[in-house]
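The values are calculated or read from the model by the stated rules, or taken from the named source; none is laboratory data. None of these values were measured; they are calculated from a predicted model. Neighbour counts run over all protein chains shown; Cβ positions are idealised from the backbone, glycine included. These area figures cover heavy atoms from the full protein model, side chains too; ligands, DNA and RNA do not enter into them. Shrake-Rupley method; radii C 1.70, N 1.55, O 1.52, S 1.80 Å.
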Amino acid sequence: MIYQESNDLYDLNEVLKIENLTINDYEEICKRLKRKPNRTELGMFGVMWSEHCCYRNSKPLLSRFPTQGKNVLVGPGENAGVIDVGNSQKLVFKIESHNHPSAIEPFQGAATGVGGILRDIFTMGARPIAVLNSLRFGNLDKLSNVDLLRGVVSGIAHYGNCVGVPTVGGEIEFDDSYSGNPLVNVMALGLLETNEIVCSGAKIVGSPVLYVGNTTGKDGVGGASFASSELTTNSLDDRPAVQVGDPFIEKSLIEACLDAFKTGDVIAAQDMGAAGLTCSSAEMAANGNLGISIDLDLVPSREDNMSSYQYLLSESQERMLFVVKEEKIKNLIEKFNKWGLYANVIGEVIETNEVIITHKSKIVAQIPTSALSDDTPVNVHNVMSNPPDYLLKKWEWKENNLPNPNEQKIFSLKEDKSLSYSQILLKILSNPSIASKRWIYKQYDSQVQANTVFKPGESDAAVIRLREQNEKNKNKIFSGVAASVDCNSRWVALDPFRGAIAAVAESARNVSCVGAEPIAITNNLNFSSPENELGYWQLSSSCNGISEACKVLETPVTGGNVSLYNESKNKDNEINPINPTPVIGMVGKIDNIQKAISSGWKNTNDQIWLIGSYKSETTLAASSYLEYFHGEITGRPPKIDLLDEKFCQSFLRNAIFKSFILSSHDVSDGGLAIALAECCILSRKGAKIELEKDFNREDNLLFSEGGSRIVFSIDKIKEKEWLDYLKKIQINSHSSVYVKKIGCVSSETLNIKIQDKNICNIRVEELTEKFNNSISVHF
């Protein structure tokens, strides 16, 4: 089929392939336009109808999420979610991915991922106050994965450090499934500085459309379409689709935008992110139920002879589009020029519901607003009614399939030899997915802005002090927010529903462990192709799990990102999908940051306690112990009782608020033994632990996962008050939840006994050496 524009001929099938459109899409476009589109218009539809922009594969699933709550001010649909965190303060937050760009250009891909999410935040009128990241790479025994990790971390550090926003926390996991397709998810938080939330709808006909920020170039052209397709061995050819960022211009843009928003002269604002000028102009028009006209000749450009297609699809960084009050245009332009930024009027809001683009005095695109952004195509997929057979077989796995302990040693199915429990603990502790990420976060500035309460690695969640505007009382008690990003992709791969529930529960648990109340989430759904039956079932099941957990824990979804087609093709054209990875970004509030606590022990002789649920399963199935020691990824992840989970977290927060609890740390990857070891390492103190022998195996007591468990410590001097408190709140009346003393803090050694039998005895110095040097040895 031949496609004609002006006097040029195109192969329509080839053009549709470039734009990631189908022949059905093309026919629908013709129907909406009542004519054939030209090449520029086809490019605009290509980016606007991509998964990255319109969620054409995931929209029906996202509608299941609970999005309303007592603290939610703005939910899905705007640039970022907004919640009320008390004291007349509003928190803006969101998570986004930059996976495919980072795979082929790791430094710029990661750097511009940071820049893009920051713009989502300050576009709403909020000053960015913190960044977290969730990263996935292939195993570090491959040099290519080491190079990707080095490039991504350098990119995040470069942009975040230069722009002056602290990187306060995150998570990193290593698995072979990510070797060809790393994941780079970045979450940002901001504190609203304007009286009103700045939204994106163009409201007044005749209002000028103001372009501000950096110039437009050819970098990032077609980035949204590129992000909505799989990676292949030819993906390096798509490097022009990766944007190039300048954090110093971004810093100027933050200050200039916030200054402009405070005047009240900006009616609407939109970041020029994915799909660039096309998306920002179309969405502003659609959200205001009006039209917009743009003259590309007025757009500041950094390159000569750019086509209309390149102008509209460029994703050059640090650019914004405003609708402003006409009488204030001169003042606004002066504000941006003062910061060394471009500020040009490039169009106006029009009454007719159309996006009209002119270039070189000719109309190059004229599209009804609704055609681009309303009723976008939805790809219908059938969801498998039952889990696939290979998973059902894995779910049959039982702990008695493992070798039995013999003289306090276990035979490793992976290494074909027996190791002691101490050796096993050190082996799991040194695995890069569990070991310290110190080499990584030491490259980030976590202290800029001077509001970071705990350094990265010190606590289960990041805690940021909230400074009130025009604060004069130096003795005032400051409130704060806590944030955490979490996902155990192994659990999700083995059971997407249970794994997604666990991701929400763990992120909430981490926030509770510092003393903050979890109140809302943003999520980043990283999955393989939805066109594959298994891939879509994983996505659908995970969405169901997130929805169920968020409803019970009362943490509504305020927005997020969907990143599909995360898979790579090797030279033999074989597809390698990633593990399904629904990353949860949880935020919580704490009324007094002086009450916030970290993970490490505080004083020798402090008592060590454990809270957990009998209803929430604990098992070695799907555990780090099973994978890293026995070399098996199998079994069904433990079921979490969400009501008990909620009770355990509430109990913990109340006890922290009453100043009983001095430290707390959740039991997650690696089980109880690893959680205890981490508390010892962080505090440089030991622990004497005595566990009761029950029907479980010894390795289950040490390394099982699940159970909604949290380890915490209390001051020995307060033991009587603590026991009286437990009686007062009638903790024993909640029969499925236990709170029990398991030991005390010691000086130099982690000693674990089971029924008076020494199981593990390791000096903290040795634990620290294994924990701290696992990743750094690769660099």
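General remarks:
- Mean-position separation - Cα centroids, the range 184-219 and the range 515-588, in angstrom: 27
- Rounded accessible area of residue 311 (nearest 10 Å², 1.4 Å probe): 20
- Here each label is just a point 7 Å from Cα along the line to Cβ, and for residue 395 and residue 476 those points are 5.4 nm apart.
- In terms of accessible area, using a 1.4 Å probe and ignoring ligands and nucleic acids, 64, 32 rank largest first as 64, 32.
- Partners of residue 335 within straight-line reach, counting lysines whose Cα lies under 20 Å from its Cα and excluding those fewer than 8 residues away in the same chain: 251, 262, 325.
- Accessible surface of the chain [probe 1.4 Å, protein heavy atoms]: carbon and sulfur percent: 45
- Residues 719, 748, ordered by accessible area of protein heavy atoms at a 1.4 angstrom probe radius and largest first, appear as 748, 719.
- Potential extension, residue 574-residue 551 segment - 0.36 nm per residue separation minus Cα distance: 4.3 nm
- Cross-link partners of residue 218 among aspartates and glutamates (Cα-Cα below 12 Å; sequence separation of 8 or more within a chain): 303, 304, 315
- Between the range 277-332 and the range 396-459, the alpha-carbon center distance in angstrom: 50
- Computed helical MRE - 222 nm, the chain, DSSP H runs ≥ 4 contributing -39500 (n - 2.57), nearest 500: -10000 deg cm²/dmol
- Rounded to the nearest 5, the antiparallel percentage of DSSP beta bridges internal to the range 627-779 is 75%.
- Taking a straight line from the alpha carbon of residue 59, these aspartates and glutamates sit under 18 Å away, with near neighbours fewer than eight places off in the same chain left out: 25, 51, 78, 96, 283, 374, 375, 531, 533, 548.
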